[in-house]
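Student: My questions all concern the structure below.
The values are calculated or read from the model by the stated rules, or taken from the named source; none is laboratory data. Model, not experiment: these values are computed from the prediction. Because the Cβ atoms are built from the backbone with ideal geometry, glycine has one as well, and the counts that use them run over all protein chains shown. We work out accessible area using only protein heavy atoms, side chains counted, and drop any ligands, DNA or RNA first. Shrake-Rupley method; radii C 1.70, N 1.55, O 1.52, S 1.80 Å.
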Amino acid sequence: MSSANPGYHGIEAGAEIAPRQYQVTRADLVRYAGASGDFNVIHWNERIAKAVGLPDVIAHGMYTMALAGRFLTEWAGTRPR
């Protein structure tokens, strides 16, 4: 098994994971709002997000967690059968 995808048994305590970035577009946020039913304007309207003190629109928490799950799945690979 490669070191890029160590699998569950190849992970040691304290192991560091290389950072990964995912591009998130405004269209992604609007599509996620539609799929989740969460149309809070801070997720897609820059003017309102800034008016409430945010630096810009912010991604939905569950969208962020989905990307984290994607990251871990890509890093660890799938469990052997």
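Student: Treating only the Cβ of Lys, Arg, Asp and Glu as charged (+1, +1, -1, -1), what charge dipole size does the chain show about its Cα centre? Round to the nearest 20 debye.
Tutor: Details: 8 positive and 7 negative charges, 42 e Å.
Dipole size: approximately 200 debye.
Student: In Å², and per residue, what accessible area does the chain have when probed at 1.4 Å with the other protein chains present? Display every interim value, and only then the final one.
Tutor: On the way: 6310 Å² over 81 residues.
With the other protein chains kept in place, the chain gives 78 Å² per residue.
Student: Which one, Ala33, Val52, Ala76, projects farthest toward the positive side of the charge dipole computed for the chain from Cβ point charges (K/R +1, D/E -1)?
Tutor: Checking the options against the dipole of the chain, the answer is Ala33.
Student: Another question about this same structure. How many nm is it between the label spots at Leu54 and Ala27, if each spot is 7 Å from the Cα in line with the beta carbon?
Tutor: 2.1 nm
Student: At a 1.4 Å probe radius, carbon and sulfur cover how many percent of the accessible area of the chain? Spell out each step's value before the answer.
Tutor: Numbers: 3600 of 6310 Å².
So the carbon and sulfur contribution to the accessible surface is 57 percent.
Student: Mind pulling the angle between the C-alpha long axis of helix 26-36 and the longest principal axis of the chain? Nearest 10 degrees, somewhere in 0 to 90.
Tutor: 90 degrees
Student: Specify the angular offset, from 0 to 90 degrees and rounded to the nearest 10, of the alpha carbon long axis of helix 61-76 from the longest principal axis of the alpha carbons in the chain.
Tutor: 20 degrees
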